[in-house]
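The structure appears right after this line, and notes come after that.
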Amino acid sequence: MANPLRSEVIALYKHLLYLGRDYPKGATYFKERLKHAFMKNKDETDPEKIRTLVKRGDFVIKELEALYFLRKYRTMKHRYCDEHEK
């Protein structure tokens, strides 16, 4: 792996690991799946393929952030909107 791509991949892994702390099925489940996904592609040497995989990782980050935002929104709505409707 080239040096700039290596740093991108490591930063992606760290960011996903940080986001995995709040995963609904648990942090250990997320960590195992994340490690498996990265180990599956550890021997990739083609820079274009690595960039594609990093873009997929960025998409996963956006999806996780949307999932967490939606969960927080639903919790807030349940707490405050249901009280006023009764």
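The values are calculated or read from the model by the stated rules, or taken from the named source; none is laboratory data. Only a predicted model underlies this, so the values are computations on that prediction, with no experimental measurement involved. Quick reminder, even Gly has a Cβ in these numbers, built from the backbone with ideal geometry, and neighbours come from all protein chains shown. We work out accessible area using only protein heavy atoms, side chains counted, and drop any ligands, DNA or RNA first. Shrake-Rupley method; radii C 1.70, N 1.55, O 1.52, S 1.80 Å.
Just the residues that are in a helix (DSSP H, G or I), charged (D, E, K, R) and surrounded by 12 or more Cβ atoms within 10 Å (Cβ to Cβ), please, taken from the stretch 30-45.
Of everything in the stretch 30-45, those that are in a helix (DSSP H, G or I), charged (D, E, K, R) and surrounded by 12 or more Cβ atoms within 10 Å (Cβ to Cβ) turn out to be Lys31, Glu32, Arg33, Lys35.
For every residue, the table says whether it meets (1) under 24 Å from Leu5 (Cα atoms); (2) open to solvent by 70 Å² or more (accessible area, probe 1.4 Å).
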{"site": "Leu19", "(1), (2)": "yes, no"}
{"site": "Pro47", "(1), (2)": "yes, no"}
{"site": "Arg56", "(1), (2)": "yes, yes"}
{"site": "Thr75", "(1), (2)": "no, no"}
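Filter the stretch 50-86 down to residues that are basic (Lys, Arg) and closer than 18 Å to Ala11 by Cβ and give me whichever is farthest from the chain's Cα centre (by Cα). Full working, then the answer.
Initially, the stretch 50-86 is screened for residues basic (Lys, Arg), giving 51, 55-56, 62, 71-72, 74, 77, 79, 86.
Still in the running and closer than 18 Å to Ala11 by Cβ: 51, 55-56, 62.
Working: Arg51: 17, Lys55: 12, Arg56: 10, Lys62: 7 Å.
For the stretch 50-86, the residue satisfying everything is Arg51.
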